[in-house]
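Reading through the structure tokens given below for one structure.
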Amino acid sequence: MTASDRQLHLALFALPHGQLASSWRLPEVPAHSTNDFAEYREAARLIEEARFDAFFIADKLTIGSDGSWQYGPPVDAFEPFTLGGALAAVTDQLGVIATASTTYQHPYSIARQVLALDHLSQGRSGWNIVTSYSPDTTRQFGAKIPHDERYDIAEEAVDVVRQLWRSWDEDAVTWDREAGTYTRPGAVRPIDHHGHYFAVAGPGEYRRSVQGEPVRVQAGSSGRGMAFAAQHAEMIFTAQTTLESGVSFADDIRRQVRAAGRQESEVVIMPGFAFVVGSTDEEAQRVQEQLLDTVQPEHILGSIRDVTQIDLREYPIDGPVPTLPDPDTVQGHQSRLAVYKRIAETENLSLRDFARRVAAQRGHHQVVGSAERIADQMQAWFEHRAADGFNLMPHTIRGQLRAFTEHVVPILQQRGLFRREYTGTTLREHLGLPYRG
Ligand SMILES: Cc1cc2nc3c(=O)[nH]c(=O)nc-3n(C[C@H](O)[C@H](O)[C@H](O)COP(=O)(O)O)c2cc1C
């Protein structure tokens with residue numbers, strides 16, 4: 001594939017009303033709508049009309065236990081597979097990526113949930129493989145497992161899940177009315193897995209999906225996380241704040257993918273992309289400030305407690321950011337801690353401004369400006385191969401996501417960077433990934 005044949009991919013990192021922690025407080029959001037499926041359906045339809053690749057549903061498996069739910073979403077929303085199934089039913093072409101944790105969810109259950117979603121959507125599902133970095137999650141499930149061991153478990157879990165998916169031959173279902181045999185003899189087989197962490201007899205419960213296997217998605221950024229991604233992921237999410245760090249991450253991942261014996265074309269790299277779009281750069285800046293004024297700093301500082309490892313709410317809000325721990329010494333989200341530590345140490349921000357900064361971009365790249373400026377930045381990342389596409393993180397769904405689909409997508413299309421129509425039906429086809437038979 002030549003560089004000019006490459007097409008950009010777009011996913012929506014969906015949170016109930018947008019990525020901004022205070023988006024639920026905005027007047028355009030109907031009261032009590034966090035658990036109203038109509039909100040999600042509208043977002044999905046909006047991005048399907050704009051020809052996005054996928055709707056991505058994250059999951060931490062908990063709302064924490066320190067009372068921060070009083071500040072609002074992401075709480076009171078839906079768990080990924082129920083929501084994913086409902087979205088599959090109200091869309092025709094959009095991919096649906098749902099999160100399941102290999103640390104706290106059993107691979108047998110994951111295999112059936114993800115493949116069921118793949119059948120319900122007729123080949124449009126993906127599995128975001130997470131190892132659950134948050135102590136909040138640990139508190140719900142009991143077991144505290146060190147960072148690298150969580151990846152050991154994930155290695156085995158992915159192997160079990162894929163064995164279960166492949167335990168039915170592609171032509172296993174014969175539907176032979178005469179003979180009364182539903183499957184061909186020998187075409188559905190136990191897997192008899194006896195590993196270090198799991199013992200699973202198999203077979204899986206369902207036939208192969210139309211895309212062969214659901215798409216595997218992952219977002220590890222530590223050394224161990226990147227090695228895992230290079231080995232197993234087909235779509236890679238990442239948080240990178242600058243073009244330089246994006247290029248360096250992508251080069252490193254592609255090198256590791258080749259070293260793992262895989263083709264670069266088997267992997268799509270999708271950094272998170274936060275933005276505020278306005279009719280001019282100045283207007284976008286004004287909107288950004290107005291939106292950030294609605295954020296409660298204590299909400300943000302509480303919500304990153306599991307990454308920073310210290311409760312920043314205990315420090316004077318107009319004082320300096322206290323020294324954050326060295327990422328290598330923690331068992332949690334090492335890569336995001338490194339991003340926050342760099343921001344805190346190089347930009348000399350007060351704790352209040354640090355909270356605004358985190359609220360604005362959550363450790364991802366952010367562009368505030370006109371639709372042209374946003375399209376220019378996306379194009380630059382794409383052409384420098386820091387990104388094959390983007391996982392979009394709009395502050396709001398009703399305002400900012402809509403503005404992106406109305407103003408930025410047409411520019412990307414005019415520049416020949418983004419599709420005007422879907423050319424395939426499965427998530428694999430949207431992403432240009434090989435069929436997995
Ligand atoms: C875009 C994006 C989405 C993520 N979604 C989730 C999620 O839904 N649930 C979760 O537990 N972790 C999520 N993570 C965190 C990653 O799964 C992973 O734990 C994190 O990147 C730390 O990796 P590391 O331990 O290799 O540093 C996400 C990360 C990124 C960049």
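Coordinate-derived values only; no laboratory data. Note that the structure is a prediction, hence the values are computed from the model and not measured. In this analysis, Cβ positions are derived from the backbone assuming ideal geometry, glycine residues included, and neighbour counts consider all displayed protein chains.
Hey, can you rank 226-233, 410-417, 78-85 by average C-beta count inside 10 Å, highest first?
Packing order, densest peptide first, comes out as 226-233, 78-85, 410-417.
Would you mind checking which residues have amide H under 5 Å from Thr238's amide H? H placed 1.01 Å from N; only 5 or more apart, or other chain.
Long-range HN contacts for Thr238: Met270, Gly272.
Quote the relative contact order of the chain in percent (integer), defining contacts as alpha-carbon pairs under 8 Å separated by 6+ residues.
After rounding, I find 21 percent.
Output the direction-averaged projected area (hull surface divided by four) of the convex hull of the alpha-carbon atoms of the chain, in nm².
For the Cα atoms of the chain, the hull's average projected area reads 21.4 nm².
With 17 Å as the cut-off, how large is the P(r) tail for the stretch 166-205, expressed as percent of Cα-Cα pairs? Please report the intermediate quantities before stating the final value.
Numbers: 312 of 780 pairs.
Summing the P(r) of the stretch 166-205 above 17 Å gives 40 percent of all pairs.
Are there any GluC sites (Glu not before Pro) in the stretch 17-103 that are in a DSSP loop and have at most 13 other Cβ atoms within 10 Å? List them by number.
The qualifying sites are Glu28.
Find the percent of Cα-Cα distances in the stretch 1-79 that exceed 20 Å, and round it to a whole number. Could you put the intermediate results ahead of the total?
Details: 1280 of 3081 pairs.
Result for the distance tail: 42 percent.
For the stretch 205-280 and the stretch 1-61, compute the distance between their C-alpha centroids and round to whole Å.
19 Å
Summing +1 for each Lys or Arg and -1 for each Asp or Glu, what net charge is found among the other residues whose Cβ lies under 15 Å from the Cβ of Val161?
Within the 15 Å Cβ shell, the charges total -1.
Under 5 Å between amide H atoms, partner at least 5 residues away or on a different chain: which partners does Phe275 have, H built in plane at 1.01 Å?
Val367, Met393, His395
Give the peptides 150-159, 245-254 in descending order of average Cβ contacts within 10 Å, highest first.
Going by the mean number of other Cβ atoms within 10 Å, highest first, we get 150-159, 245-254.
Whole-Hz ³J(HN,Hα) for each residue in the stretch 289-301, computed from phi via Karplus 6.51 cos²θ - 1.76 cosθ + 1.60 with θ = phi - 60°, x for glycine and proline: what do you get?
Couplings: 5, 4, 5, 5, 5, 7, 7, 9, x, 5, 5, 5, 5 Hz.
What does the highest-first list of 262-273, 11-22, 195-206, 90-101 look like by mean Cβ count within 10 Å?
Answer by packing, highest mean first, reads 11-22, 90-101, 262-273, 195-206.
Starting from the eigenvalues of the Cα gyration tensor, five times each then square-rooted, give me the equivalent ellipsoid semi-axes of the stretch 88-242, largest first, whole Å.
After scaling each eigenvalue by five and taking roots: 30, 19, 13 Å.
Using alpha carbon coordinates only, what is the Rg to Rh ratio of the stretch 295-427, with Rh defined as the Kirkwood radius?
Taking Rh as the inverse mean 1/r over Cα pairs, Rg/Rh reads 1.06.
Please compute the length gained on full extension between His194 and Arg415, using 0.36 nm multiplied by the number of residues separating them and subtracting their Cα-Cα distance.
Gain on extension, His194 to Arg415, equals 74.3 nm.
Rounding to the nearest 10 and keeping the result within 0 to 90°, find how far the Cα-based axis of helix 37-49 lies from the longest principal axis of the chain.
The angle comes out near 80 degrees.
For Thr99, which sequence-distant residues (separation of 5 or more, or a different chain) have an amide H within less than 5 Å of its own amide H, given hydrogens modelled in the peptide plane?
Hits under the 5 Å cutoff: Ile57, Asn128.
When the Cα centres of the stretch 297-321 and the stretch 354-428 are compared, how far apart do they sit, in Å?
A separation of 29 Å, based on Cα centres.
Taking loop as defined by DSSP and a crowding limit of 10 other beta carbons within 10 Å, which GluC sites (Glu not before Pro) in the stretch 367-421 fit?
In loop regions of the stretch 367-421 (DSSP not H, G, I, E or B), the sparsely surrounded GluC sites (Glu not before Pro) are Glu421.
First measure r as the distance between the Cβ atoms of Thr174 and Asp148, then evaluate 1/(1 + (r/R0)^6) with R0 = 41 Å and state the FRET efficiency to the nearest 0.05. Intermediate values should be presented prior to the final figure.
Details: r = 45 Å, r/R0 = 1.10.
Step by step, r from the Cβ atoms, then E = 0.35.
May I ask you to evaluate 6.51 cos²θ - 1.76 cosθ + 1.60, the Karplus curve with θ = phi - 60°, for each residue of the stretch 329-342 and list the ³J(HN,Hα) values in order in whole Hz, giving x for glycine and proline?
8, 10, 9, x, 8, 5, 5, 5, 4, 4, 5, 5, 5, 5
If you plug each phi of the stretch 79-93 into the Karplus form 6.51 cos²θ - 1.76 cosθ + 1.60 with θ = phi - 60°, what whole-Hz ³J(HN,Hα) values come out, in order, with x for Gly and Pro?
Values per residue, Gly and Pro as x: 6, x, 7, 5, 5, x, x, 5, 5, 4, 6, 10, 10, 10, 10 Hz.
Roughly speaking, what % of Cα-Cα pairs in the stretch 222-300 are separated by over 17 Å, rounded to a whole number? Don't skip to the end; give the middle numbers.
Numbers: 1802 of 3081 pairs.
That tail contains 58 percent of the Cα-Cα pairs.
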